[in-house]
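J.: Would you mind keeping the following structure in view while I ask a few things?
The values are calculated or read from the model by the stated rules, or taken from the named source; none is laboratory data. Not measured: the values here are computed from a predicted model. Here the Cβ positions follow ideal geometry from the backbone for every residue, glycine too, while neighbour counts run over all protein chains shown. Keep in mind that these areas ignore ligands, DNA and RNA; they rest on the heavy atoms of the full protein, side chains included. Shrake-Rupley method; radii C 1.70, N 1.55, O 1.52, S 1.80 Å.
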Amino acid sequence: MARVSQAHLDARRRQILDGATRCFARNGFHATSMQDVLKEADLSAGAVYRYFRSKEELIVAIAEETFALIRDAFEAAAEQDPPPGPDVLISNVLGTILDARAGEPGADPRDLPRLMLQVWTETLRNEDLAGLLRRGYEEISGAWVELVESYREAGMLRSDVAAEHIARTLIAAAQGYITQQALFGGIDPGMLRDGLRGLMSMGGSAPARR
């Protein structure tokens, strides 16, 4: 029997994950059956179960991949010296995340945001997934705290607010954007960039409100 190459195994796993991602984004985790995944991926049960024994394993694998995509995008942006301002950095990272699946057959711009929203919801009932989310959040939060400190050193941010508080607020802005994109669609990352830029410009030059 000919030995199957690692490239073939990786491609088959990718085929399964892509099919499952489309199913989950379209119908949700709980309304999707393994039979739906088999049909979407155009594979036999034996081919799929060789890689994933259950729908729960598929969900965890997709969640791990999604968190890694987000983390890698933020880390790559943060490695720039000097790093771009928060408005540019967040919009660039979100653009990278949303473009990750844009070239896939049948891809919808809202697929990944919808999937992320479902992952967040699923953590309320799945402790393993919740632990994965917590670890991912801690990594991203730590990276943002370091960025905030570098912004302060560059004189871009005030120093009388805790770095963690600013980091959490910036992460919340990104999460809010993803939620809006999942629910409504049609939202360009540039809108978030412009909104953050407008908020960052608030200062003594604006007329006082009465």
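J.: What is the chain's relative contact order, in percent, from Cα pairs under 8 angstrom and six or more apart in sequence?
T.: Taking the mean separation of contacting Cα pairs over the length of the chain, I get 21 percent.
J.: Equivalent ellipsoid semi-axes for segment 53-176, as square roots of 5 times the alpha carbon gyration tensor eigenvalues: give them largest first, rounded to whole Å.
T.: Its equivalent ellipsoid spans semi-axes of 28, 17, 11 Å.
J.: What is the helix-to-structure angle for 86-99, meaning the angle in degrees between its Cα long axis and the longest Cα principal axis of the chain, kept from 0 to 90 and rounded to the nearest 10?
T.: With both axes taken from Cα atoms, the answer is about 10 degrees.
J.: From the residues Leu196, Ala167, Gly185, which one has its Cα farthest along the dipole of the chain in the positive direction, the dipole being from +1 and -1 charges on Cβ of Lys/Arg and Asp/Glu about the Cα centre?
T.: Gly185
J.: Leaving out ligands, DNA and RNA, what percent of the accessible area of the chain is carbon and sulfur, probe 1.4 Å?
T.: Result for the chain: 52 percent of the exposed heavy-atom area is carbon or sulfur.
J.: Please compute the Kirkwood hydrodynamic radius over segment 128-179, one decimal place, Å, based on all pairs of different Cα atoms.
T.: 11.8
J.: Once both labels are modelled 7 Å past Cα along the beta-carbon direction, what's the Ser201-Asp10 spacing in nm?
T.: 4.6
J.: If you count only protein heavy atoms with a 1.4 Å probe, what accessible area per residue comes out for the chain, rounded to a whole Å²?
T.: 58
J.: Using the Cα centre as the reference, give the magnitude of the dipole from point charges on the C-beta atoms of the chain (Lys, Arg: +1; Asp, Glu: -1; all else neutral), rounded to the nearest 20 debye.
T.: Once rounded to the nearest 20, the dipole reads 560 debye.
J.: Starting from segment 21-110, pick out the chymotrypsin sites (Phe, Trp or Tyr not before Pro) whose DSSP state is loop and whose Cβ has at most 14 other Cβ atoms within 10 Å.
T.: none
J.: Order these peptides, 182-193, 4-15, 86-97, by their mean beta-carbon neighbour count within 10 angstrom, highest first.
T.: Peptide ranking by packing, descending: 86-97, 182-193, 4-15.
J.: Determine the principal axes of the Cα atoms in the chain, then give the extent along each, sorted from largest to smallest and rounded to whole angstroms.
T.: Between the extreme Cα coordinates on each principal axis of the chain lie 73, 35, 32 Å.
J.: If you place +1 on the Cβ of every Lys and Arg, -1 on the Cβ of every Asp and Glu, and leave all else neutral, what size is the dipole of segment 25-123 about its Cα centre, to the nearest 20 Debye?
T.: About 440 debye.
J.: Follow-up question, since we're still on this one. Among 148-157, 34-43, how do they line up from the highest to the lowest mean number of other beta-carbon atoms within 10 Å?
T.: 34-43, 148-157
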